[in-house]
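The values are calculated or read from the model by the stated rules, or taken from the named source; none is laboratory data. A quick note: this is a predicted structure, and the numbers were derived from the prediction, not measured. Reconstructed Cβ throughout: ideal geometry from the backbone, glycine too, with neighbour counts over all protein chains shown. Note: accessible area is taken over every heavy atom of the protein model, side chains too, but ligands, DNA and RNA are not part of it. Shrake-Rupley method; radii C 1.70, N 1.55, O 1.52, S 1.80 Å.
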Amino acid sequence: MGPFKRSFGKEKTTESHSPPDIGGNGDFGEGFVSDNADSLHRNLANRQIQLIAIGGSIGTALFVSIGSGLYHGGAGSLLIAFFIESIILAMVNNCIAEMSTAYPVSGGFIRLAGKWVDEALGFMVGWNFFFYEALLIPFEISAFTLVISFWNEKIAEPGPTAGIVTGVILCYALINILAVGAYGEAEFWLSGGKVILIFSLFAFTFITMVGGNPQGDAYGFRNFNNGAAFREAVTTGDLGRFQGFLAALFGSALFTVVGPEYISIVAAEAVRPRVYIKAAFKMVYARFGIFFIGGALAVGIVCNSRDPRLTEIVTGGSNGSAAASPYVIAMQNLGIGVFPHIVNALMLTSIFSAGNTYTYCAIRNLYGLALEGRAPRFLTKCTRSGVPIYCFAIVMIFPMLSYLSCSSGSSVVITWFASLVTAGGLIDFIVMCITYIFFYRACKAQGLDRNTLPYVGYFQPYCAWIALIWLFVVTCAYGYTCYIPWDVSSFFSQYTMQLFIPPLYIIWKLIHKTKIVKPHEADLVWERPIVDAYEETFLSPPTGFWKEMGQLVGIGRNKEGSNARRKSSIVNAQALRQTDF
């Protein structure tokens, strides 16, 4: 029991607290043994976590930027690219889900890499993920100004753009300076709007393709015919069509299909992580199949890859104001008047939500780096409500980059940021696969039965190896067009992260003389006992998603029973505190 005792007392400075009972569920007790080994609070309810899992990272790429992949590759290439990338990311999810449900620690997959692979790797991927998230914030804000100009093209002018940027930044600051429950509640409603938007677009696609449109045109899969499904890019013939597929994969699918990393980060602030985070990771598979693959299919059905409006936007001839989304282009072509306004309004909430998620993750990531000594220690300072205040202050500098859209234009700035961060996301996924391989080896070396873990990944470690090889090849090759012909500016926009992130590993390793963790030396106890003790304070069964949704509107809410469960939790928590671990 020695390791248990050491882990239970590690860096614990937070006193028991009374998190808000959001939604009226009984999972929030008034006394906890220990939420975490640090100062973060577990206040995210099941319904909030599930909505974050469904739509937390869905934003501009799925609704607006996907048009670029459609234009360059065609409807068929786009669908295949999204299908393949979704399968690969499902493998990555399979890896990180097993580790994060058993070890729901602050910093998520970043600290797992530093703990089980090499401290230098944790340093490298930590700063990579930080810049990846931080640069995505101005990306979404710039996209917000692009979409809102649908109603008035004058909004794209510098003055109105600056005002919108300022307003969005202030909203992000307000949401993230409050307790994590405020972020969870905001994301719950915003992600709910994304779900409504996506299914509305699917309904629009089906109804109009069978003739339910003002023109009575049952166009079906017309945009897949006559060579429109597989467009040529760079060259002609079969090679050109293959390069069109690569354009859809590299230019759209790689940037759009994401998700597991965000659940890993929020795991440290989730109520009952062994149950709710496990369910959230399982939800990711459905999201890949329904939203990403389904979204790629729907876009290819409703919009021709050579539509004049789409061509004008992608090739840069347009100011990017009116119909930035392929869906809106399709609605205008069919003469549908009101629905484009509704879609754009919901799209704004989706884009705002994505930027809010990136802000949250960047703050928590920087906090996780500080906990491990890979960032200045003063960044571990938290407010009484569990918000890393200095991390918050630093992250809020990055949204200021969105003011660049006042002079360069929103569509240009979006392209800049997308090129910079795509490789950053690939590096994160590569590290997740490497971490899992080391974790798997450590479990075998130390005799840890993986079947005893809350979540057991399928077909392992082969999923990790397949995803690792694919992601490594793609990371090296996705900017190949800068070589034909050679273009210096294109090279640096495509390969900046690959050039500057890996040296961080070498620098940290040389300075601190870190060693790669051997399988029999990996700490597979770590913070698990803290989470185990925390989970044991709950005497009532976990609250299901739909039950929480009902409680939100007053259905099934039992105040007397909830109070009884709270009192039981207090007694149980006090007893556990007095236990000699």
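How far apart, in nanometres, would the label points at Phe491 and His512 be if each is projected 7 angstrom from Cα along the Cα-to-Cβ direction?
3.3 nm
How far is the Cα center of region 115-157 from the Cα center of region 426-496, in Å?
21 Å
Points 7 angstrom from Cα along the Cβ direction at Cys476 and Glu312: gap in nanometres?
Going by the 7 Å Cα→Cβ label model, 4.3 nm.
What residue among Gly126, Val395, Tyr219 has its Cα farthest toward the positive end of the dipole of region 54-537, where the charges are +1 on Lys, Arg and -1 on Asp, Glu, each on the Cβ?
Value: Gly126.
Determine, for each peptide in 343-349, 258-264, the mean count of other beta carbons within 10 angstrom over its residues, then list the peptides with the highest first.
In descending order of packing, they fall as 258-264, 343-349.
Want the number for Trp151 to Tyr462: 0.36 nm per residue separation, take away the alpha-carbon distance, what's left?
107.0 nm
Quick check for you: with a 1.4 Å probe and neighbouring chains kept, what is the accessible area per residue of region 54-537, in Å²?
35 Å²
Using a Förster distance of 35 angstrom, determine the FRET efficiency expected from the C-beta separation of Asn225 and Leu499, and round it to 0.05.
E between Asn225 and Leu499, to the nearest 0.05, is 0.25.
For region 54-537, take the convex hull of the Cα atoms, compute a quarter of its surface area, and give me that in nm², please.
Value for region 54-537: 22.6 nm².
Per-residue accessible area for Thr101 at 1.4 Å probe radius, Å² rounded to 10?
Accessible area, nearest 10 Å²: 0 Å².
Quick one: grab the alpha carbon gyration tensor of region 228-351, order the square roots of its eigenvalues as a ≥ b ≥ c, and give me rounded if a/c is under 1.5, else prolate or oblate depending on whether a/b is larger than b/c.
oblate
Ranking request for peptides 375-386, 269-280: highest mean number of other beta-carbon atoms within 10 Å first, then the rest in descending order.
Per-residue Cβ counts within 10 Å, averaged per peptide and sorted highest first, yield 269-280, 375-386.
If r is the Cβ-Cβ distance from Asp532 to Ala203 and R0 is 45 Å, what FRET efficiency results, to the nearest 0.05?
Given R0 = 45 Å and the Cβ-Cβ separation, E is 0.50.
Could you tell me the accessible area of Met549 in Å² (1.4 Å probe, neighbours in place), rounded to the nearest ten?
Its heavy atoms expose roughly 60 Å² to the probe.
Return the sequence-ordered ³J(HN,Hα) values of region 69-86 in whole Hz as given by the Karplus equation 6.51 cos²θ - 1.76 cosθ + 1.60 applied to θ = phi - 60°, using x for Gly and Pro.
x, 5, 5, 7, x, x, 5, x, 4, 4, 5, 5, 4, 5, 5, 5, 5, 5
What is the count of Lys pairs in region 54-537 whose alpha carbons sit under 25 Å apart, if the two are 8 or more places apart or on different chains?
For region 54-537, qualifying lysine pairs total 15.
In whole angstrom, note down how far apart the Cα centers of region 348-388 and region 266-290 are.
Centre-to-centre (Cα) distance: 20 Å.
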